[in-house]
Amino acid sequence: MTSAAEAPTTPAYRRLGVEVRRAQIIGAALGLFAHRAPDEVSLDEVAAVAGVSRPLVYRYFPGGRQQLYEAALGSAAAELTLCFTEPAVGPPTERLSRVLDRYLAFVDEHDAGFSALLQGGSVAETSRTTAIVDGVRRAAAEQILLHLGRGSGQGQAAGPRLRMMVRTWIAAVEAASLIWLDEEKQPPAAGLRGWLVDHLIALLAATAATDAETAAVVADLLPLETAGGPAGRLAHLVLPVVTGAAHLLPAASD
């Protein structure tokens with residue numbers, strides 16, 4: 001007879017906490033939504049990936065796939081928002097480069113799901129999902145304004161022209177990301193990131209020409225840049241182009 005001390009033991013079932021189990025199911029859903037449109041993912045698949053039963057998925061998300069999608073989207077939105085959070089250390093354009101590196105890595109990892117999310121047209125799209133996505137855009141714009149010295153709590157809120165410029169750039173980043181995915185991720189991410197940084201610099205310069213606030217922002221930022229950084233590189237490349245447009249300037253008066 002086998003003694004109690006020698007008897008084989010079966011690992012005791014460990015009940016996961018509510019939040020841990022919920023996060024587990026959301027994580028499984030995110031992995032599926034990352035590469036397929038929400039309408040193409042079934043709750044059976046989510047349950048299988050999470051290692052739980054379909055009834056358990058319903059217990060945590062009684063609203064079914066729509067509620068689960070919104071929860072997964074909220075989780076992805078929080079992660080995406082963090083991509084734009086960067087310490088105010090070093091030249092601003094180098095900070096922006098690090099932000100875009102993280103953003104493009106997120107887009108790369110969530111490719112098909114990212115496209116379905118931003119392009120819309122899914123049965124899972126509702127006013128709530130639209131609000132979640134818009135919240136990411138606004139948070140991203142706020143982070144960029146912080147690096148421009150016009151974020152909330154910095155004593156001087158951004159004026160309408162500067163805020164519109166930043167939000168326009170955020171929209172351009174989204175559009176470029178979707179085109180990048182459609183073009184099979186060409187050019188390489190580093191090339192796209194450099195072009196997007198150049199795009200913001202060009203928008204700042206163009207807006208500064210007719211907006212005093214933006215001109216003041218640019219005047220404050222330029223001393224923080226270096227000749228070897230993105231701003232210095234772009235200045236070196238653009239100067240010959242600007243020189244070629246000298247004939248467009250008004251003739252000097254006698």
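The values are calculated or read from the model by the stated rules, or taken from the named source; none is laboratory data. Just so we're clear, the structure is a prediction, and the values are computed from it rather than from any experiment. Cβ placement follows ideal geometry from the backbone for every residue including glycine, while neighbour counts extend to all protein chains displayed. Each accessible area value is taken on the protein alone, full model and side chains, heavy atoms only, with ligands, DNA and RNA left out. Shrake-Rupley method; radii C 1.70, N 1.55, O 1.52, S 1.80 Å.
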**Prompt:** At what distance in nm do the modelled label points of Ala88 and Ala235 sit from each other, each positioned 7 Å from its Cα along Cα→Cβ?
**Reply:** 2.2
**Prompt:** To the nearest 10 square angstrom, how much accessible area does Thr210 have with a 1.4 angstrom probe?
**Reply:** 100
**Message:** If DNA, RNA and ligands are ignored and the probe is 1.4 Å, what is the ranking of Ser53, Ser127 by accessible area, most exposed first?
**Reply:** Ser127, Ser53
**Prompt:** Just the accessible area for Glu183, please: 1.4 Å probe, Å², rounded to the nearest 10?
**Reply:** 100
**Request:** Work out, step by step, the length gained on full extension between Ala78 and Gln156: first 0.36 nm times the residue separation, then minus their alpha carbon distance; give nm to one decimal.
**Result:** 25.4 nm
**Item:** For the chain: accessible area per residue (Å², 1.4 Å)
**Value:** 56
**Mean shadow area of region 161-217, taken as a quarter of the surface of its Cα convex hull (nm²)** = 3.8
**Prompt:** What does the charge dipole of the chain about its Cα centre add up to, to the nearest 20 debye, if the Cβ of each Lys and Arg holds +1 and the Cβ of each Asp and Glu holds -1?
**Reply:** 760
**Message:** Among Pro188, Pro223, Pro240, which one shows the highest mean-square fluctuation when the chain is modelled as a Gaussian network with alpha-carbon springs under 10 Å?
**Reply:** Pro240
**Request:** Treating the angle as unsigned and between 0 and 90°, give the value, to the nearest 10°, between the Cα long axis of helix 127-147 and the longest Cα principal axis of the chain.
**Result:** 50
**Value of Rg to Rh for the chain (Rh from inverse mean 1/r over Cα pairs, i.e. Kirkwood)** = 1.15
**Prompt:** With charges set only on the Cβ (+1 for Lys and Arg, -1 for Asp and Glu), what does the dipole of region 92-212 come to about its Cα centre, in debye to the nearest 20?
**Reply:** 580
**Item:** Residue-span extension gain [Thr168 to Glu45] - 0.36 nm each, minus C-alpha spacing
**Value:** 40.5 nm
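Treating only the Cβ of Lys, Arg, Asp and Glu as charged (+1, +1, -1, -1), what charge dipole size does region 58-118 show about its Cα centre? Round to the nearest 20 debye.
Dipole about the Cα centre, nearest 20: 240 debye.
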**Asked** Around Val49, with a cut-off of 15 angstrom between Cβ atoms, what is the net charge of the other residues, counting Lys and Arg +1 and Asp and Glu -1?
**Response** +2
**Request:** Provide the net charge surrounding Ala71, with neighbours chosen by a C-beta distance below 14 Å and charges set as Lys +1, Arg +1, Asp -1, Glu -1.
**Result:** +2
**Message:** Compute the angle between helix 189-208 and the longest alpha-carbon principal axis of the chain, please, reported from 0 to 90 degrees and rounded to the nearest 10.
**Reply:** 50
**Label-point gap, in nm, between Glu19 and Leu248 - each point 7 angstrom along Cα→Cβ** = 5.6
**Request:** Would you mind telling me which residue in Leu73, Leu82, Leu56 has the biggest mean-square fluctuation in a Gaussian network model of the chain, where springs connect alpha carbons within a distance under 10 angstrom?
**Result:** Leu56
**Request:** Give me the accessible area of Val89, 1.4 Å probe, in Å² rounded to the nearest 10.
**Result:** 100
**Asked** Once you list every other residue whose beta carbon is under 9 Å from the beta carbon of Ala157, what net charge do they have if Lys and Arg are +1 and Asp and Glu are -1?
**Response** +2
**Estimated 222 nm signal from helices in the chain, with DSSP H stretches of n ≥ 4 weighted -39500 (n - 2.57), rounded to 500** = -21500 deg cm²/dmol
**Request:** Could you tell me whether region 207-254 comes out rounded, prolate or oblate from its Cα gyration tensor? Rule is a ≥ b ≥ c as square roots of the eigenvalues, rounded for a/c under 1.5, then prolate if a/b exceeds b/c, otherwise oblate.
**Result:** oblate
**Prompt:** Taking the chain as a Gaussian network, Cα atoms linked when under 10 Å apart, which of Phe114, Phe84, Phe61 shows the biggest mean-square fluctuation?
**Reply:** Phe61
**Item:** Sulfur and carbon atoms: percent of accessible area, the chain [1.4 Å]
**Value:** 61
